[in-house]
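One structure is given here, and the rest of the page talks about it.
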Amino acid sequence: MSDASHEPVGVIAVADPKILFLTQWWPADLSENPVVVDTARALRRIGPVLVVSGPPLNLRTNEITDGHSWVRHQVGKLGPFPFTRHSAFPGHSASPLHRMAMYTTFAASSVRSVPSVWSQADVCVVYASPMTAATAGYLGQKLRDVPYICIVQDVWPDSVVASGLLRSEMIVRLAHSSLTWMTNGYYRGASKIVV
């Protein structure tokens, strides 16, 4: 990869591209969640990064940190990263309904940023864990013609089914077929997939 070309994955050919980093897991402190933060730091070497995320959630305690609210939209800056936070129900628990609420509330609320934020971007990089985080990237590509790259951390729907949260065989089959349909659509829409 040449620094001059700025084509790390063959999606864009713009010097200093404006990058949207879409992740449900942007922390309250840069020392937390090193995989996500290090990914943002690597992207920042290519061009300016704007983070679109959910509220900072402690996955061990299932609590929103630093007095943030799960329903409040917030704009701010963490170190060199400007961010916009969208709603996400704090449902990182053993309850399948809570998990579903957590994934879908962020997917739905992050879509709000598509009309405004996506028009300022050259590319969107989606940290696709959970895969539902790719919803806004997919719509940004369809509505604003902004390509997106999926960084796949968990293979959906297999990881959802293997988690053991779903117990009924009928629910497992329904979840597997609907999530397969969704993830395949997001994979087809992505310009690149990074695993």
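Ignoring ligands and nucleic acids, what accessible area does D158 show with a 1.4 Å probe (Å², nearest 10)?
Its accessible surface works out to 90 Å², give or take rounding.
Using a 1.4 angstrom probe on the protein heavy atoms only, line up D16, D29 by accessible area, largest first.
On the way: D16 100, D29 65 Å².
Highest to lowest solvent-accessible surface, that is D16, D29.
Grab the alpha carbons of segment 65-167, take their convex hull, and tell me the volume per residue in Å³.
Numbers: hull volume 12.1 nm³, N = 103.
Here the figure is 117 Å³ per residue.
Please report, largest first and rounded to whole Å, the three semi-axes of the ellipsoid equivalent to segment 81-140, where each semi-axis is the square root of five times an eigenvalue of the C-alpha gyration tensor.
Details: eigenvalues 106, 23, 19 Å².
Each semi-axis is the square root of five times an eigenvalue, giving 23, 11, 10 Å.
Angle check, please: helix 34-44 long axis (alpha carbons) against the longest principal axis of the chain (alpha carbons), in degrees 0 to 90, nearest 10.
30
Which of rounded, prolate, oblate describes segment 20-101, given a ≥ b ≥ c as roots of the alpha-carbon gyration tensor eigenvalues and a/c under 1.5 marking rounded, otherwise prolate only if a/b is larger than b/c? Mind showing how you got there, number by number?
Numbers: a/c = 2.04, a/b = 1.77, b/c = 1.15.
Note, shape of segment 20-101 comes out prolate.
Hey, any idea what % of segment 68-134's accessible area is carbon plus sulfur with a 1.4 Å probe? Mind showing how you got there, number by number?
Working: 1700 of 2650 Å².
Ligands and nucleic acids excluded, carbon and sulfur reach 64 percent.
How large is the accessible surface per residue of the chain, computed with a 1.4 Å probe and reported in Å² as a whole number? Before the final figure, lay out each step's value.
Numbers: 9680 Å² over 195 residues.
Heavy-atom accessible area per residue stands at 50 Å².
To the nearest 20 debye, what charge dipole does the chain have about its Cα centre, counting +1 at the Cβ of each Lys and Arg and -1 at the Cβ of each Asp and Glu?
Details: 16 positive and 13 negative charges, 76 e Å.
The calculation lands at about 360 debye.
Quick one: if the Förster radius is 41 Å, what FRET efficiency do V35 and M170 give, using the C-beta to C-beta distance and rounding to 0.05? Walk me through the numbers on the way to the answer.
Working: r = 35 Å, r/R0 = 0.85.
The value I calculate is 0.75.
Sort 109-121, 179-191 for me by packing, meaning the mean count of neighbouring Cβ atoms within 10 Å per residue, highest on top.
Details: 109-121: 17.9, 179-191: 16.2.
Averaged packing, sorted descending, gives the order 109-121, 179-191.
Rounded, prolate or oblate: pick one for the chain, where a ≥ b ≥ c are the square roots of the eigenvalues of its C-alpha gyration tensor, a/c under 1.5 means rounded, and failing that, prolate if a/b is larger than b/c, else oblate. Working shown, then result.
On the way: a/c = 1.85, a/b = 1.32, b/c = 1.41.
Note, shape of the chain comes out oblate.
The values are calculated or read from the model by the stated rules, or taken from the named source; none is laboratory data. Quick caveat: nothing in here was measured; it's all calculated off a predicted structure. Cβ coordinates were reconstructed from backbone atoms using ideal geometry, including for glycine residues, and neighbour counts include every protein chain displayed. The protein model used for the area step is the full one, side chains on, heavy atoms only, and it has no ligands, DNA or RNA in it. Shrake-Rupley method; radii C 1.70, N 1.55, O 1.52, S 1.80 Å.
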